[in-house]
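Below is one structure; the comments refer to it alone.
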Amino acid sequence: MAGPRQGPGADPAPMLFVGLTGGIGSGKSTAARMLAELGAVVLDADAFAREAALSSSPRFAEIVGLLGPDIVRPDGELDRAAVAAVVFADPAKLRALEALIHPVVEARVEQELARYAGTDTVVVLDSPLLIPMGTDARCDAVVVVACSPERRLARLLERGMAEDDARARMAAQPSLETIASRADHILDNDGTEAELRDQVRGLWTELKPR
């Protein structure tokens with residue numbers, strides 16, 4: 001991989017594509033926000049997935065056909081809580097839903113990456129499913145936000161999530177051991193936000209010159 005600029009007139013270093021992942025409640029989105037504050041362009045895979053499930057999306061009818069009409073709100077959009085209740089209780093339906101949504105998310109990521117090709121931008125993809133989707137294979141660096149299950153659960157309960165729902169969502173995601181084995185960098189978020197910020201700053205110092 002090429003190094004940083006060598007001086008005025010030098011060609012820009014290639015875009016750096018960083019995958020950022022971690023389990024629900026790990027603080028991944030907080031780390032993404034901190035990286036954005038430092039100058040990274042952050043792509044939010046969850047936001048792309050929400051776009052793919054809008055009533056205006058070509059996949060909307062297929063999603064309703066898969067999960068049933070009860071997941072549609074009176075305004076015609078999906079009731080996300082109802083969707084979660086269905087798919088986190090039925091792993092087969094969760095996989096089928098992901099098969100509908102993931103190609104749309106992948107296409108949006110490609111679209112955004114094309115905007116920064118040939119620049120020295122650090123582009124961070126914030127994605128809870130970075131590794132299950134195989135996107136980590138394309139990344140120049142993979143960053144995992146690590147956190148104990150107990151701390152993750154406590155954070156989810158603080159957000160007002162029911163304990164059964166929180167545990168079901170956690171169980172549906174890859175284990176920390178699985179995703180950490182693919183990591184180039186691990187951010188430990190069992191401590192305070194200030195401690196996480198210090199780690200993110202150190203990570204940025206390492207990533208930016210690349």
Farthest towards the positive end of the dipole of the chain, among THR178, LEU203, ALA81 and with Cβ unit charges of +1 on Lys and Arg and -1 on Asp and Glu, lies the Cα of LEU203
Note: ALA114 to ALA168 extended length (0.36 nm per residue) minus current alpha-carbon separation gives 15.9 nm
FRET efficiency (VAL64, GLU206; Cβ distance; R0 45 Å; to 0.05) is 0.50
The range 44-84 -> Rg/Rh from Cα coords, Kirkwood Rh, value 0.94
Per-residue accessible area, 1.4 Å probe, largest first, puts VAL72, VAL200 in the order VAL72, VAL200
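For ALA137 and GLU98, what is the calculated FRET efficiency with R₀ set at 22 Å and r taken between the beta-carbons, to the nearest 0.05? Kindly include the intermediate steps, with their values, before the conclusion.
Details: r = 18 Å, r/R0 = 0.80.
Taking R0 as 22 Å, the efficiency between ALA137 and GLU98 is 0.80.
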For the range 16-97, one quarter of the surface area of the C-alpha convex hull, expressed in nm², comes to 6.9 nm²
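Calculated FRET efficiency, ARG159 and ALA107, Cβ-Cβ r, R0 25 Å, to nearest 0.05? Walk me through the intermediate numbers first.
Working: r = 30 Å, r/R0 = 1.20.
In this case the efficiency is close to 0.25.
Can you compute the charge dipole magnitude of the range 2-155 about its Cα centre, using +1 on each Lys and Arg Cβ and -1 on each Asp and Glu Cβ, nothing else charged? Give it in debye, rounded to the nearest 20. Don't skip to the answer; put the middle values down first.
Values: 15 positive and 20 negative charges, 63 e Å.
Dipole about the Cα centre, nearest 20: 300 debye.
How big is the Kirkwood radius of the range 98-155, worked out from every pair of different alpha carbons and given in Å to one decimal? It would help to have the intermediate numbers written out before the result.
On the way: mean 1/r = 0.0744 Å⁻¹.
Taking the inverse mean of 1/r over all distinct Cα pairs, the range 98-155 comes out at 13.4 Å.
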With only helices counted (DSSP H, runs n ≥ 4, each -39500 (n - 2.57)), the per-residue ellipticity at 222 nm for the chain, to the nearest 500, works out to -14500 deg cm²/dmol
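Work out, step by step, the length gained on full extension between ARG182 and ARG73: first 0.36 nm times the residue separation, then minus their alpha carbon distance; give nm to one decimal. Show your work: numbers first, answer last.
Values: separation 109, 0.36 × 109 = 39.24 nm, distance 3.89 nm.
Answer, rounded to one decimal: 35.3 nm.
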Once the dipole of the range 1-152 is set up from charges on Cβ (+1 Lys and Arg, -1 Asp and Glu), the residue from the list THR21, SER57, GLY118 lying farthest towards its positive end is THR21
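Working with all protein chains in place, sort LYS28, LYS208, LYS93 by solvent-accessible area computed with a 1.4 Å probe, largest first.
Working: LYS28 20, LYS208 95, LYS93 70 Å².
These residues rank, largest area first, as LYS208, LYS93, LYS28.
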Given unit charges at Cβ for Lys, Arg (+) and Asp, Glu (-), the dipole magnitude of the range 101-168 about its Cα centre in debye, nearest 20, is 80 debye
Bridge orientation stat for the chain from DSSP, antiparallel percent rounded to 5, came to 5 percent
Rounded to the nearest Å, the spacing of the alpha-carbon centers of the range 139-163 and the range 20-51 is 13 Å
Rounded to the nearest 10 Å², the accessible area of MET161 using a 1.4 Å probe with every protein chain kept is 40 Å²
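The values are calculated or read from the model by the stated rules, or taken from the named source; none is laboratory data. Nothing here was measured: the structure is a model prediction, and the numbers come from that model. All Cβ positions, even for glycine, are placed from backbone atoms using ideal geometry, and neighbour counts span all protein chains on display. These accessible areas exclude ligands, DNA and RNA; they are computed on the full protein's heavy atoms, side chains included. Shrake-Rupley method; radii C 1.70, N 1.55, O 1.52, S 1.80 Å.
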